Amino acid sequence: MSIRSLCIVTAFLSVHILSAQTEIYRAEVGNVAFSKEKTFVSVGYGLMNANFILANTLEKSLLNGWDEVNFSKVPNWYIKGEYALSNHVGVGVNVATGGLIAHVFVDSLNNQSVRIAGDLTYRTWSALARFNYHALSNEKWDIYLGAGLGLRMNTVAVSSNDPLTDRWNFPVNLGFVEKRIPNKLSVPTIGADFTLGFAYHFSPAIAAYTEMGMAKSAMQAGIRAKF
């Protein structure tokens, strides 16, 4: 048996053993962190934001073409709802938002003797159908894997303080037709995430949770309520 096959078999057996132990615990304890026919609602804040990393990269590259660039980093927020189909499987929805704003300054003045500046704003939100597998759940802890797939909307907008010249709504000549790039553009794409989550219950109804993995931020943390 190859090492890869051995790792897959070991992981499968580990999840199976954890699930079996969880079922034994459920039989002994009536109130557990994740159980069938319960509804969960959570609100979280993004940590290790991917947009923040992008902002730092853009700030270095844009300075080569502009006089000054500053960024306002828009935090990521997560709102989730989940319904427990069984003691291990939950389905729901995950809504997340984020973005960043680049403040660009040009080394010239407009007709009011004000330094010309513009904002490049990037906003994103996503609504994903979510599937969670809760491998281990006892009275306090809930450990799970989550995967989501759905719609992601990306919006880019530009604005300027120059009242005479629209410096951002500029034409692009394709040879056979001339198009004008709009000041605001929204592009829908497919959104997805895959995370490992941990929830700790301070009480039967309230828990603190954290997730890490591939999402709008590498980590997130927040509060989860059980109904």
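Identify, from the list 95, 89, the residue that is closer than 16 Å to residue 150 by Cα and at pLDDT 90 or above. Let's see the steps before the verdict.
On the way: 89 fails: closer than 16 Å to residue 150 by Cα.
Going through 95, 89 in turn, the sole match is 95.
Given the options 196, 185, 128, 164, name the one that is modelled with pLDDT of 85 or more and surrounded by fewer than 16 Cβ atoms within 10 Å (Cβ to Cβ). It would help to see each step written out before you state the result.
Working: 185 fails: modelled with pLDDT of 85 or more; 128 fails: surrounded by fewer than 16 Cβ atoms within 10 Å (Cβ to Cβ); 164 fails: modelled with pLDDT of 85 or more.
It is 196.
What are the residues in region 214-227 that are surrounded by 11 or more Cβ atoms within 10 Å (Cβ to Cβ), in contact with a Phe, Trp or Tyr (Cβ under 8 Å, 6 or more places away or on another chain) and modelled with pLDDT of 90 or more, if any?
The answer is 220, 221, 222, 223, 224, 225, 226.
Of the conditions (1) at pLDDT 90 or above; (2) over 26 Å from the mean Cα position of the chain (by Cα), residue 116 clears all except one; give me its number.
Of the numbered conditions (1) at pLDDT 90 or above; (2) over 26 Å from the mean Cα position of the chain (by Cα), the odd one out for residue 116 is (1).
Modelled with pLDDT under 75, part of a strand (DSSP E or B) and either of a type in the set (Phe, Trp, Tyr) or on the phi > 0 side of the Ramachandran plot (or both): does that describe residue 105?
Numbers: modelled with pLDDT under 75: yes; part of a strand (DSSP E or B): yes; either of a type in the set (Phe, Trp, Tyr) or on the phi > 0 side of the Ramachandran plot (or both): yes.
So residue 105 fits the description; yes.
The values are calculated or read from the model by the stated rules, or taken from the named source; none is laboratory data. Quick caveat, the model's predicted, so the values are computed rather than measured. We place every Cβ from the backbone using ideal geometry, glycine too, and count neighbours over all the protein chains shown.
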